[in-house]
Amino acid sequence: MIPSIIPSIILLVLGAAMSVVFIVSKVINYSLKTIIFKTIASLFFVALGILDFCLNPEGYFLFKLFTVLGLFFGMLGDFFLGFKYITSGKVKKAWILIGMFAFALGHVFYIAGILTGFYVPGNVIFIILPFTLPIVFICVYMLIAKKVGINFGKGMLPFGIFYLYCLSSMVFSSLCMAILHQFAMPTLIMFLVGAVFFASSDMMLTGAYFKEGKRSGAYMATYSVFYYIAQFVIAFSIFFLV
């Protein structure tokens, strides 16, 4: 029996509305109130993932479980990183590291979910590539970052590289599984779309966090929109596993 899509659509609409409230607050005047808006918006994509898990409980248990855990740690990362804007100095740096670590864990859960859920034994190359291609990506990214003035700093660089590895491995994992299944599964296509939006958001975010100068309101709004599209699409992908 195919579950009704209406409850998921309702959560999507409410989550999108709350995301807009957060983004407007972020652009106008970031405060403690903005962190609350951000956390509520993020709770909606966690709720969507849990709802779709409950509506569609049969099969692919590990994929659904790990995806929900990835969404949960993304929500935690949102909460922690929010304090970057209302603190300074070492405290600000600590919040950034804690937030990035939460997101890195989220990506690890996404990788675990996508590989345990969709890997077909005998296709070892599709396991090797998601963990080797990120090395190439990071080398290229670091060269470009240096040219455009992005500087992680000595204290942040090791963890910045670690985070980029987790992020890019998540993207390549979803791409490899989509290719392995010949782009025939809606869930894998949606997950890949979400992964690309996630990476696009984070590439812009590094420019906001680690490059001199102030970014425009439109710039901040754009990477925030990309991020919420990513998380809601990934959460909604669970619904289409039939």
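Brief remarks on what is shown
- Here the simple spin-label model places points 7 Å from the Cα toward Cβ, and for Leu143 and Tyr85 these points are separated by 3.6 nm.
- Förster-model FRET efficiency, 22 Å R0, Ile28 and Ile6, C-beta, rounded to 0.05: 0.10
- Which of Leu62, Leu69 has the fewest Cβ neighbours within 10 Å, and the rest in rising order: Leu62, Leu69
- Working note: Karplus 6.51/-1.76/1.60 with θ = phi - 60° gives the stretch 41-54 the couplings 4, 5, 4, 5, 6, 5, 4, 5, x, 5, 4, 5, 4, 5 Hz, where Gly and Pro are set to x.
- A full extension of the chain between Cys54 and Phe162 corresponds to an added length of 35.6 nm, given 0.36 nm per residue minus the alpha carbon distance.
- Fully extended contour minus Cα-Cα distance, from Thr132 to Arg215, at 0.36 nm per residue: 26.6 nm
- Set against the labelled values (1) 19.6; (2) 21.2; (3) 18.3, Kirkwood radius over Cα pairs in Å computed from this structure falls on (3).
- Contact order normalised by residue count of the chain, Cα under 8 Å, 6+ apart, percent: 24 percent
- Chymotrypsin sites (Phe, Trp or Tyr not before Pro) within the stretch 143-242: DSSP coil, no more than 16 neighbouring Cβ in 10 Å: Phe183
- Pairs exceeding a 27 Å alpha-carbon distance, out of Lys64/Lys146; Lys64/Lys90; Lys64/Lys84; Lys84/Lys147; Lys64/Lys92: Lys64/Lys146; Lys64/Lys90; Lys64/Lys84; Lys64/Lys92.
- Separation between Cα centres of the stretch 207-242 and the stretch 150-167, rounded to whole Å: 19 Å
- ³J(HN,Hα), Karplus 6.51/-1.76/1.60, whole Hz, each residue of the stretch 102-116, x for Gly, Pro: 4, 5, 4, 4, x, 5, 4, 5, 4, 4, 4, x, 5, 7, 5
Every number here is computed from the coordinates shown, using simple stated rules; none is lab data. Model, not experiment: these values are computed from the prediction. As a convention, Cβ positions derive from the backbone with ideal geometry for all residues, glycine included, and neighbour counts pool all protein chains shown.
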